[in-house]
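Structure record follows, encoded as structure tokens.
The values are calculated or read from the model by the stated rules, or taken from the named source; none is laboratory data. Every value quoted in this text rests on a predicted model; they were computed, and no experiment measured them. Don't worry about glycine lacking a Cβ; one is built from the backbone with ideal geometry, like all the others, and counts go over all protein chains shown.
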Amino acid sequence: MARRWLPAILAVLLLLSACQSPNTIANLPEQLAKKQADLTSYQLHLLLEQSDGQQLAIHQWYQAPDRLRTDVLQAGTTTYQFFLRGDDLTVRHVPSGQQEQLRLSSETALFTTPLLLELWREAQGATWQESEERPTCYLGEFAWRDLGGEPKLGALWLNRQTLLPEEVTLFYGSTQVLRLCMEDITLNPVLEEQVFHP
């Protein structure tokens, strides 16, 4: 009896896999919009490298629609934590234990923006190309504005299969570069409410 059902099940699975459209440059905006719409939460870890060699590790947790926590680590030690609930921002200096309420501003934008959502938004308007340097990724170029509102360029490496960002390079000033190297991204994890409280 099971042998009669096996070919039918395999045929259905084959048909379903054939119906899924692969990620291509032509359908990237549509696929990215779908991933963004399906996202309810994420957890990510990245390494931020500045032109002067300074490195920070960033750990971020996001829960739709408006909960965000960002931990900033220097030399493996958490120095600052940013807790955002709607428009309420609490910043905690971990070594001293001091915390304060701040207003959202461009100075804290890197730590108070859901980075994955922002990167997917930028990716939808980027100019994409395939790359021999990284055959598992698409390379996208996009425009962004610095703190002074000046237009700048950015480059984004996007994994072809998962559509997750792997690396972002932001160019600013005459020779300044800021690189974000993604180390780990988990989509739609179950996050406890206490994660978002100082």
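Could you tell me whether any residue of the stretch 116-139 is in contact with a strand residue (DSSP E or B) (Cβ under 7 Å, 6 or more places away or on another chain), within 14 Å of Leu68 (Cβ to Cβ) and either in a strand (DSSP E or B) or not polar (S, T, N, Q) (or both)?
yes
Would you check if Thr70 is surrounded by fewer than 13 Cβ atoms within 10 Å (Cβ to Cβ) and of a type in the set (Val, Ile, Thr)?
So Thr70 fails the test.
Any idea which residue in the stretch 83-113 is modelled with the lowest pLDDT, counting only those that are part of a loop (DSSP other than H, G, I, E, B) and surrounded by 12 or more Cβ atoms within 10 Å (Cβ to Cβ)?
Of everything passing the filter in the stretch 83-113, Leu104 is modelled with the lowest pLDDT.
Output the qualifying pairs, or none if there are none: Cβ atoms under 9 angstrom, residues six or more apart or on different chains, first residue in the stretch 179-198 and under 11 Å from Glu166 (Cβ atoms), second residue among the small types (Gly, Ala, Ser) and modelled with pLDDT of 95 or more.
Note: pairs meeting the criteria are Glu183/Ala57.
Only one residue in Leu47, Leu116 is touching a Pro at 6+ places or on another chain (Cβ under 9 Å) and within 25 Å of Phe142 (Cα to Cα), so which one is that?
After ruling out the rest, the residue left standing is Leu116.
Under 7 Å between Cβ atoms, at least 6 apart or on separate chains: pull out the pairs that start in the stretch 106-126 with a residue that is without any contact (Cβ under 8 Å) to a residue 12 or more places away in the chain and of a type in the set (Phe, Trp, Tyr) and end on any residue that is surrounded by fewer than 18 Cβ atoms within 10 Å (Cβ to Cβ) and in a helix (DSSP H, G or I).
none
Tally up the residues in the stretch 58-83 that are closer than 17 Å to Leu180 by Cα and polar (S, T, N, Q), please.
3
For (1) within 14 Å of the chain's Cα centre (by Cα); (2) in a strand (DSSP E or B); (3) without any contact (Cβ under 8 Å) to a residue 12 or more places away in the chain; (4) buried (at least 19 other Cβ atoms within 10 Å of the Cβ), each residue gets a yes or a no:
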{"site": "Leu44", "(1), (2), (3), (4)": "yes, yes, no, yes"}
{"site": "Glu49", "(1), (2), (3), (4)": "no, yes, no, no"}
{"site": "Gly53", "(1), (2), (3), (4)": "no, no, yes, no"}
{"site": "Leu56", "(1), (2), (3), (4)": "no, yes, no, no"}
{"site": "His59", "(1), (2), (3), (4)": "yes, yes, no, no"}
{"site": "Tyr62", "(1), (2), (3), (4)": "yes, yes, no, yes"}
{"site": "Pro65", "(1), (2), (3), (4)": "no, no, yes, no"}
{"site": "Thr78", "(1), (2), (3), (4)": "no, yes, no, no"}
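Kindly list, by first and then second residue, each pair from a residue in the stretch 159-174 that is more than 18 Å from Asp52 (Cα to Cα) to a residue that is surrounded by fewer than 16 Cβ atoms within 10 Å (Cβ to Cβ) and β-branched (Val, Ile, Thr), limited to pairs with Cβ atoms under 7 Å and residues at least 6 apart or on different chains.
Final answer for the pair search is Asn159/Thr136; Arg160/Thr136.
Scan the stretch 93-128 for residues that are among the charged types (D, E, K, R) and either within 17 Å of the chain's Cα centre (by Cα) or more than 28 Å from Pro165 (Cα to Cα) (or both) and jot them down.
Glu100, Arg103, Glu118, Arg121, Glu122
Considering the stretch 128-174 alone, what residues qualify as being surrounded by fewer than 12 Cβ atoms within 10 Å (Cβ to Cβ), charged (D, E, K, R) and out of contact with any Lys or Arg (no Cβ under 9 Å at 6 or more places or on another chain)?
Correct list: Glu132, Glu133, Glu150.
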